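Notes follow once the structure below has been shown.
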Amino acid sequence: MDNKLLKILGLFGAGILIGSVNGFFGGGGGMICVPLLLTLGLSSKKAHATAILTMLPISIASSVVYYSYGAVDWSIFLFLCIGSVLGGIIGAFVLKKLSNEALSFIFSILMIGVGIRMCF
Amino acid sequence: MWIFYVLAGVLSGIIGGMGMGGGTLLIPILTIFFALDQHLSQALNLLVFIPTGIISVIIHAKNKMLDFKSFFYIIIPAIVSSILLSMISNGVRSETLKIIFGIFLAVLGVILFIISIINHYKNKKLTKKLGV
C-alpha cells in the first residue's frame, strides 16, 4: 500500500473516531482530533486550526440530534456563550504568557479528579 | 444565578482558547455545580462551541492555517458517526451516561498526564544539550 492511500485511510479512520467521541460525549472531539492530525503529519498550528474546522460541522450535526431528543434551555445557552467568547479571548492571550507544560500537567490532574467524581 | 453561568462560560472559554478542550471542562461543571442533566449539559456544550468555532475558523482561514485536503477526508465519516453516536447517546440513561463520561474524562486525564511528564523530560534533555 502506498503512502498516500495510507494517509487517506488514516484520515477516514480519524474522522470516524472523532465523530463518535464528540457525538456520544457531546464534546472532547477536539482533544483527540489535534493529536491525530499531528500524527498524520500536519504542523502544530495547522492541526489546531483544522481541528476547529472539523469540530464545527460535527458539533452542528450533533446539536440538531440532541435538540430533537430534548428541549434546550436557551437562556442558559446565552449566558454560557457570552462567558465562553470572553474566556476564549482571555485564553488566547494567556496562552502566550504561561508555560504550556505546567498547564497541561495541572489540567490532566483536574481531569482525573473530576472524572472520578462523576462516577459517584 | 445567570452570573455563574457566565463565569462557567468564561472558565471553559479560557481553557478552550488555550487549546485544551473547553468542553471537557464545561460538561462536568454543568452537571456537578449546576446539577443539570447529563444530556442537557452535553447539548449545551455542543451549542456553545458553534459561535466561538465560527469566529476561530474565520480567523484561521484568513491566516491560511486550514488544511482543506485533510478536512475533506475526515469530515464525511465524522459527520455520519457523530449523528449515529449522538442518537445512541440519547438512548442511554442520563445517570449511566454521566458515569461513562467520568471514565472517559479520567482516561483522557491519565493520557494527558503521561504525555506532559514525557514532554517535561524531553525538554529537560533538550535544554541540557543546548547548554541553556
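Observations on the structure shown:
- Taken together, A:Leu9, A:Leu17 contain a single residue that is open to solvent by 40 Å² or more (accessible area, probe 1.4 Å), in the same structural domain as A:Ser62 (by TED's automatic domain parsing), assigned to a helix (DSSP H, G or I) and more than 24 Å from B:Leu26 (Cβ to Cβ), which is A:Leu9.
Okay, residues lined up against (1) of a type in the set (S, T, N, Q); (2) more than 7 Å from chain B (Cβ to nearest Cβ):
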| site | (1), (2) |
| --- | --- |
| A:Asn22 | yes, no |
| A:Gly41 | no, yes |
| A:Leu56 | no, no |
| A:Val64 | no, yes |
| A:Ile76 | no, no |
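- Residues that are open to solvent by less than 30 Å² (accessible area, probe 1.4 Å) and of a type in the set (Val, Ile, Thr) within segment B:11-33 comprise B:Ile15, B:Thr24, B:Ile27, B:Ile29, B:Thr31, listed in sequence order.
- Test: A:Ile82 is under 27 Å from B:Tyr5 (Cβ atoms) and either of a type in the set (Asp, Glu) or open to solvent by 70 Å² or more (accessible area, probe 1.4 Å) (or both): yes
- B:Leu44 meets each of the listed conditions (1) crowded, with 20+ Cβ neighbours inside 10 Å; (2) touching a Ser or Thr at 6+ places or on another chain (Cβ under 7 Å) apart from (2).
The values are calculated or read from the model by the stated rules, or taken from the named source; none is laboratory data. Quick caveat, the model's predicted, so the values are computed rather than measured. All Cβ positions, glycine included, derive from the backbone under ideal geometry; neighbour counts span all protein chains shown. For the accessible areas, the whole protein counts, side chains as well, though only heavy atoms, and no ligand, DNA or RNA atoms are used. Shrake-Rupley method; radii C 1.70, N 1.55, O 1.52, S 1.80 Å.
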